Amino acid sequence: MNLRDTPEEAAFRAELRTWLDDNLPEERRGGRGGAQRFDDAFGREWSRKLYDGGYAGLTWPKEYGGAGAPYSFQAIFYEETTRAQAPSHVGVIGLGMAGPTIMTHGTEEQKQAHLSKILSAEEIWCQGFSEPDAGSDLAAARTRMERRGDVFVLNGQKVWSSFAHVADWCILIGQSDPDAPRYKGLSYMMVDMRSPGVEVRPLRQITGESEFNEIFFTDVEVPAENLLGEEGQGWQVAMTTLLHERGTLGFALTAALEVGVDRLIGLARDRANGDAVARDRVAQEWIELQALRYTNYRSLGTYQRTGIPGPEGSAIKLRWSEQNQRMTKLGRELLGEEGILDDGWWHHQQLRSRGNTIEAGTSEVLRNIVAERVLGLPKGR
Amino acid sequence: MDFALTTEQQELKQAARAWLSEWYPLDRDFDAPQDDRWPELAELGWLGVSVSEQEGGVGLGFVEEALILEEMGYALYPGPYLATVGLALAALGPQERAEVAAGTTKWSAEIKGLVPWLGSVDRVVGMDGLAHDGGGQEIATVDPDRPAGRLEDGGGTQLDGSRDIPRARAAMAAEAVGIAQRALELAVAYASTREQFGKPIGVYQAISHRLADTYADVELARSLAYWAAWCVAEGDEQAPVAAAAAKAFAAEAAVTACERSIQVHGGTGFTWEHPLHRFYKRALWLHGTGSRPTELRAEIADAVIGAPVPA
């Protein structure tokens with residue numbers, strides 16, 4: 001057990017700090033993320049810079065455009081970009097979900113075609129999992145994938161697809177065999193969002209902006225070679241995607257939270273310095289931030305030793321989402337009478353945080369997962 | 001950076017779990033006097049984990065002691081290990097450390113005017129930093145295994161070391177993690193077998209979701225406790241805030257884990273016969289001994305926000 005950097009880690013950290021100082025303009029620091037990342041060309045430019053600097057896909061193999069670095073480098077990357085208040089790479093779904101899934105289940109052609117373009121932000125990806133009648137119950141997906149020779153013909157509707165309005169590609173799960181038993185008739189495909197018959201309608205969120213969308217598929221023809229995994233193996237492939245969604249994002253989530261807690265501490269210093277109750281609540285948020293941070297490190301340590309993330313990682317998204325909601329609401333409170341004003345940051349973050357316990361697995365589903373798979377309690381369904 | 005336990009640390013933790021579960025099983029007679037097996041602890045080397053080899057110890061560090069303390073919480077070990085190793089050891093000089101490692105002297109330390117185990121330890125580190133004699137009148141506390149007393153002698157002798165508050169707090173945090181872990185495991189076991197309405201009660205989300213929350217509490221508490229232990233062992237500058245954070249969070253997590261476990265056990269959890277109340281009482285003891293969570297958070301606020309400016 002050692003929290004200090006190895007000489008290699010220290011060298012990487014120092015290099016990255018210098019690189020950030022040289023490449024990130026002052027006025028681009030401290031943005032709020034979310035849909036804002038696509039407001040102008042800078043989001044993609046910055047992502048490209050990260051790629052050219054060798055910082056996108058740090059842990060991905062070199063042959064697919066990554067750096068082949070150990071996971072601890074990824075953790076250092078999040079720490080340092082947080083400290084610099086740098087924007088994140090725009091390809092959130094590509095980096096966190098589509099890429100790792102292609103790496104695990106894709107053919108060599110599929111890997112060559114997409115992985116480095118995900119890292120360079122040439123391809124933006126979205127995810128078509130949820131449907132109007134299949135939310136937490138993903139296996140109930142009804143989007144029809146009908147095989148006709150060399151193509152699958154897609155008909156159906158997806159919903160809550162983040163970044164679909166700007167995406168080039170979509171990872172999608174649907175029914176290729178409606179007569180098969182549950183879980184067995186699902187297949188997983190990569191769909192070109194510019195195919196005829198794909199229609200995207202942005203959904204307006206409670207923040208007023210649109211990150212996520214509905215996608216309608218009407219007789220969309222997708223080449224059979226775009227299957228990820230075998231026909232009928234969609235459920236297994238989807239589990240890989242979700243494992244990555246819930247497993248590798250801990251550091252990114254904690255990094256974003258740290259930005260908020262730092263601002264919260266600043267607010268307390270300026271506006272509630274002598275308020276003992278406020279100080280207690282701010283200290284509690286600081287403590288829980290550290291708790292998440294060191295839980296990430298424990299999970300990472302287990303991952304580096306065994307190749308499997310530690311079970312404690314499953315608690316991270318659950319607690320992070322609740323803390324982000326509590327923390328942003330406290331920020332509004334510390335703003336006093338100005339808490340109702342749209343200050344451009346707290347206002348947005350607090351409203352946006354309500355999505356945190358719903359997206360990427362609702363807290364209810366995550367508690368089921370912890371109860372059944374980690375604690376071994378009897379299954380309810 | 002590598003924050004997972006090393007193989008040696010895992011083996012030590014497993015050895016402590018095995019020894020403690022053999023001598024302190026949950027079905028033991030808690031109301032009868034319990035042997036603290038002090039000579040065996042000395043033989044195992046666990047009294048001198050962080051004492052150097054020249055002084056008869058093992059020459060490891062506080063992280064390893066924290067792992068033993070976690071297991072002692074898990075087993076509800078009755079003796080003054082926390083007092084000797086967690087509260088007093090840092091204040092002792094070479095001669096006294098050697099005696100601790102050899103198992104010949106039991107120590108405690110005065111905390112805010114109270115001395116845990118005063119009647120059963122040989123010597124006490126006072127708040128004045130001096131060594132006082134143990135023994136004397138004891139008062140029952142919330143934890144029947146941990147009575148306390150007040151120092152009455154006028155003076156003491158000089159000690160070579162100095163009191164290490166972060167170390168004491170990190171030690172209590174480690175115990176609290178073990179208690180929370182055991183309370184959770186008892187609740188999971190009960191919810192998996194107890195049936196109502198034709199199903200094990202663990203299938204009901206009113207039960208399972210609370211236990212999932214307890215799991216998250218325990219893991220977060222453990223992360224803070226290990227962070228604090230590492231900072232203390234390394235003399236890291238973050239040791240004071242890390243230990244304050246760990247004690248505040250872990251003590252609250254242990255109390256909550258026990259309360260939820262009692263609730264999951266229904267009427268059984270409220271009986272004297274079931275051991276849960278003993279874990280609960282130890283959690284309450286840790287929560288209330290030394291600085292309480294609100295006081296610890298006030299210290300953290302001073303460190304991260306800055307001292308409050310008077311209005």
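Restricted to region B:192-289, the set of helices (runs of 4 or more DSSP H) holding at least 1 residues that are under 14 Å from the mean Cα position of the chain (by Cα) and within 12 Å of chain A (Cβ to nearest Cβ) comprises B:205-234, B:239-264.
Tell me, which residue of region A:165-204 that is part of a strand (DSSP E or B) and of a type in the set (Phe, Trp, Tyr) is nearest to A:Lys117 (Cα to Cα)?
Out of the qualifying residues, it is A:Trp169.
For region A:336-350, taking the residues that are surrounded by fewer than 17 Cβ atoms within 10 Å (Cβ to Cβ) and not in a loop (DSSP other than H, G, I, E, B), the one that is nearest to the other protein chains (Cβ to nearest Cβ) is identified as A:Gly336.
Restricting A:Gly135, A:Gly91, A:Gly174, A:Gly128 to residues that are over 18 Å from A:Glu214 (Cα atoms) and either in contact with a Leu (Cβ under 9 Å, 6 or more places away or on another chain) or at pLDDT below 95 (or both) narrows the list to A:Gly91. Among residues of region A:1-60 being in a helix (DSSP H, G or I) and polar (S, T, N, Q), the one that is modelled with the lowest pLDDT is A:Gln36. Going residue by residue through region B:238-245, is there one that turns out to be touching a helix residue (DSSP H, G or I) at 6+ places or on another chain (Cβ under 8 Å), crowded, with 21+ Cβ neighbours inside 10 Å, over 25 Å from B:Glu65 (Cα atoms) and hydrophobic (A, V, I, L, M, F, W, C)? Checked region B:238-245: no residue is touching a helix residue (DSSP H, G or I) at 6+ places or on another chain (Cβ under 8 Å), crowded, with 21+ Cβ neighbours inside 10 Å, over 25 Å from B:Glu65 (Cα atoms) and hydrophobic (A, V, I, L, M, F, W, C). Scanning region B:189-234 for residues that are among the aliphatic types (A, V, I, L, M) and closer than 30 Å to B:Gly86 by Cβ gives B:Ala189, B:Leu211, B:Ala216, B:Val218, B:Leu220, B:Ala221, B:Leu224, B:Ala225, B:Ala228, B:Ala229, B:Val232, B:Ala233. With respect to A:Glu312, is the statement that it is farther than 21 Å from A:Gly94 by Cα and modelled with pLDDT under 90 true? Answer is yes for this residue. In region B:179-191, the residue that is surrounded by the most Cβ atoms within 10 Å (Cβ to Cβ) out of those that are within 11 Å of chain A (Cβ to nearest Cβ) and not acidic (Asp, Glu) is B:Ala187.
Summed over region B:131-175, residues that are aliphatic (A, V, I, L, M) and under 30 Å from B:Leu220 (Cα atoms) total 8.
When A:Glu372, A:Glu312 are checked against the criterion of being touching a Lys or Arg at 6+ places or on another chain (Cβ under 7 Å) and buried (at least 21 other Cβ atoms within 10 Å of the Cβ), a single residue qualifies: A:Glu312. Among the residues of region A:286-304, at least one is in contact with a strand residue (DSSP E or B) (Cβ under 8 Å, 6 or more places away or on another chain), surrounded by fewer than 18 Cβ atoms within 10 Å (Cβ to Cβ) and either of a type in the set (A, V, I, L, M) or not assigned by TED's automatic domain parsing to the domain that holds A:Tyr78 (or both). Within region B:16-37, residues that are part of a loop (DSSP other than H, G, I, E, B) reach partners that are of a type in the set (A, V, I, L, M) with beta carbons closer than 7 Å, at six or more positions or on different chains, in the pairs B:Tyr24/B:Ala75; B:Tyr24/B:Leu76. Within 20 Å of the chain's Cα centre (by Cα) and part of a loop (DSSP other than H, G, I, E, B): does that describe A:Gly361? Yes; evaluated as a whole, the condition is true for this residue. Among the residues of region A:139-159, none qualifies, meaning not one is out of contact with any Lys or Arg (no Cβ under 8 Å at 6 or more places or on another chain), of a type in the set (S, T, N, Q) and under 25 Å from A:Ala56 (Cα atoms). Here is a check on your reading of the model: is B:Gly178 in contact (Cβ under 8 Å) with a residue 24 or more places away in the chain and not in a helix (DSSP H, G or I)? So B:Gly178 does not fit the description; no. Scanning region A:325-339 turns up no residue that is at pLDDT below 95 and under 28 Å from A:Ile76 (Cβ atoms). Taken over region B:1-57, the criterion of being under 18 Å from B:Ala171 (Cβ atoms) and at pLDDT below 95 is satisfied by B:Leu5 alone. Listed here are the helices (runs of 4 or more DSSP H) enclosed by region A:221-328 that have at least 2 residues being within 14 Å of chain B (Cβ to nearest Cβ) and more than 16 Å from the chain's Cα centre (by Cα): A:250-271, A:276-306. Residues that are within 30 Å of A:Leu377 (Cα to Cα) and either at the interface with chain A (Cβ under 8 Å from one of its Cβ atoms) or among the aliphatic types (A, V, I, L, M) (or both) are absent from region B:297-308.
Consider region B:148-165 and keep the residues that are at pLDDT 90 or above and loosely packed, with under 11 Cβ neighbours inside 10 Å. The one that is farthest from B:Glu138 (Cα to Cα) is B:Gln158. Just one of (1) at positive phi; (2) modelled with pLDDT of 95 or more fails for B:Gly136. It is (2).
The values are calculated or read from the model by the stated rules, or taken from the named source; none is laboratory data. Everything quoted here is computed from the prediction, not taken from an experiment. Counting neighbours? That spans all protein chains shown, and the Cβs are built from the backbone with ideal geometry, glycine included.
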